1. Provide a single number: the residues in the range 240-255 that are surrounded by fewer than 18 Cβ atoms within 10 Å (Cβ to Cβ) and under 21 Å from LEU163 (Cβ atoms).
2. Which residues, counting only those in the range 256-287, are modelled with pLDDT under 80 and crowded, with 19+ Cβ neighbours inside 10 Å?
3. Report, by residue number, each residue of the range 31-42 that is under 21 Å from VAL355 (Cβ atoms) and either in contact with a Gly (Cβ under 9 Å, 6 or more places away or on another chain) or surrounded by fewer than 17 Cβ atoms within 10 Å (Cβ to Cβ) (or both).
4. Counting residues that are closer than 25 Å to TYR312 by Cβ, which helices (runs of 4 or more DSSP H) fully inside the range 188-291 reach at least 1?
5. Can you confirm whether GLU290 is within 16 Å of the chain's Cα centre (by Cα) and surrounded by fewer than 14 Cβ atoms within 10 Å (Cβ to Cβ)?
6. Please verify whether the range 388-403 includes one or more residues that are closer than 30 Å to SER93 by Cα, aromatic (Phe, Trp, Tyr) and surrounded by 19 or more Cβ atoms within 10 Å (Cβ to Cβ).
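The values are calculated or read from the model by the stated rules, or taken from the named source; none is laboratory data. Source: prediction; values computed, not measured. Please note: Cβ atoms are built from the backbone with ideal geometry, for glycine as well, and neighbour counts cover all protein chains shown.
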Amino acid sequence: MNNERPFIHLFYTKGGYYIFDVNTNAIIKVEKKEYNLLEDLLNKNTLLNNDFIYEEYKENAKIISLKEKGYLSSKKTKEIIHPISDILEYYLSSKIKMIILQVTQQCNLRCEYCAYSGSYINRKHKNVRMSFETAKKGIDFLIDNSKDIDEVNVGFYGGEPLLEFELVKKAILYAEEVAEGKKITFSFTTNGTLFTKEVIEFLMKHDVSITISLDGPKEVHDMNRKFAVSGCGTFEKITDNLEFFKNNYPEYFKKILFNAVIDYKSSFSCLSEFFTSYDVLKDSYLITSEVSDEYSLEQRNRNEDYDVQLSYEMFKMYLAKLNRIDNKNVSKLVTSYFDNLRKKMITDRLRKESVNDKGHHGGPCVPGAQRLFMDVDGNLFPCERVSEESDVMRIGHINNGFDYNKIRNLLNIGKITEANCIDCWAFDYCSLCATFADELDELSAKKKLSYCQSVRYSLEDQLKDYCMLNEFGCSFDDSNILRVVEV
C-alpha cells in the first residue's frame, strides 16, 4: 500500500479543504470526506496493511475521477541532479548575464547589520580597492561569456562603490566601448551619502540603475546606519541628498529603487507611517529585506509586536486586492508580498504531467550565470550574497576562469540531502541554494536541513493565502493561469 500513497500535501483554509498535487502542480479543492480519507491514507501512524482505508480510497468515486484526470500519482523523482549539469561548461561560456564588481571593501559607514560589520564570519571592511586592470578583465569576461545574451549588466558593489567613483566611471566607459553590439546596462547599490551634482549627472547620462538603502525615519535609520568616523547617524545627510536629487533631476529620481533593511526591534507602524507619508518617497518603489542571519555570529530574535502589526497590514492588503478598502490605506512595506505570491502561485506554478525521474529541487541558480560576483582581487563567486571568505563558494579567478568541479557541486546541492529532498512535497518550490549549507570549508547537510521546515511553512502559508483570495473572488488579473481545480 505504501507505493499507492499519492505524492500530495494537504491543507485547509476557513473556506475549504485542498490538495497540492506535487506531480502536476495542481491545487485541488475537495470535500471534507475525501480530505479526511487522504489524511488517513498519508498518516504515518496508519498501518500499511489497513485494508479498510485502502479499499475506501480505491473505491471513492471522486478519488477515482481525480486519478483518471492524472492527479494523485505516487511517483517521485528517483535521482537528484540539476538539468544544467550536463551542459554546464557550455552554459557558462555563453549565458552569463551580469558581473558585479566589488570596487572596494571600504565604506564611509559602519552599519550594525552589514556583512562587513564584524558581526559576520570573517568579513570585515578593509582598505583595499579593485584596480582598473582587474575591472577590465571582469568586463571582458562578461562580454566573452555572454554570446547567447543580447543584454548584459555590470553592477558595482562595495563597501560603498561611490568611494571609487573614478574607477566606476572608467569601468562604465570601457564597458560601453567593448560591448560589441550588445545592450549593456549598469547598476549599483549605495548608502546615498556621497551624491554630488557630478556623480548624479554622470550616472544619469549612462542611465545607471540605482538602489539606495534607507531604513525608515531618523530614529530607526540612525540606529544601525552610522558614519564610520563620527559615529553619527546618516539620516539627515541622505534625506538632504534625496531632496536635492528629486528637485533637480525629477525624471531620473523616479527610476530609483529604495531598499529598507528591516530590523525587527523597530516598530512596524513607525516604519509604515514614514514610507507612506515621507513626501520625497511617496511615489517611489520600495523593497524590503530582513537583516540576514547567513554567516552571522549570532541569531537575531524577532519582535512579536512587529509580527502582529505585520499580520494586520497583510490583512489590509488582502482587503484592498478584494476591493474592500482603498489601496492607499495599505502599507508600502507589504505591497510587494502580493507580487511575490502571484509569481509563486501563477507565474512559476506551471502544469506538469508528472515529476521527472531525474531533477533538482528549486533554489540554486546556475552559479555565476545570473549575478557573477568578482571581489577586489579578481576571485569569482556565485553572487554578492555569499562570503568572500568561503573556500567552498570561491568558484574561480578572473585570470584562470571557472572551477567547474566546484560549480557543479554548488549546482547540485540537493545531492547532500537527496533522500530528504526526494520525499519533500515542496521540492519544486524550495528556496535553498548552497549558501544555506556553507560552512566556509565544506557543504553541510545538517545545516541545509535546518532550514527545510521554514521553507515548507512559508510555502503552505502562500498556498493558503492564494486559495483564500480565490475563495473571495480575487481575479489576479489574468485569465490564462493554472487555477484551483474543484471536484
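1. Final tally of qualifying residues: 2.
2. Of everything in the range 256-287, those that are modelled with pLDDT under 80 and crowded, with 19+ Cβ neighbours inside 10 Å turn out to be ASP263, SER266.
3. Of everything in the range 31-42, just one residue is under 21 Å from VAL355 (Cβ atoms) and either in contact with a Gly (Cβ under 9 Å, 6 or more places away or on another chain) or surrounded by fewer than 17 Cβ atoms within 10 Å (Cβ to Cβ) (or both), namely LEU42.
4. In the range 188-291, the matching helices (runs of 4 or more DSSP H) lie at 218-224, 268-277.
5. yes
6. For the range 388-403, residues closer than 30 Å to SER93 by Cα, aromatic (Phe, Trp, Tyr) and surrounded by 19 or more Cβ atoms within 10 Å (Cβ to Cβ): present.
Quick grid of which residues meet (1) of a type in the set (Phe, Trp, Tyr); (2) at pLDDT 95 or above; (3) in contact with a Phe, Trp or Tyr (Cβ under 8 Å, 6 or more places away or on another chain):
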| residue | (1), (2), (3) |
| --- | --- |
| ARG5 | no, no, no |
| ILE28 | no, yes, yes |
| GLU31 | no, yes, yes |
| GLU39 | no, no, no |
| LYS44 | no, no, no |
| GLU56 | no, no, no |
| LEU66 | no, yes, no |
| LEU72 | no, yes, no |
| VAL103 | no, yes, yes |
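Let's see how each residue does on (1) at pLDDT 95 or above; (2) exposed (fewer than 15 other Cβ atoms within 10 Å of the Cβ); (3) touching a helix residue (DSSP H, G or I) at 6+ places or on another chain (Cβ under 8 Å):
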site	(1), (2), (3)
THR13	yes, no, yes
LEU48	no, yes, yes
ILE87	yes, yes, no
LEU92	yes, no, yes
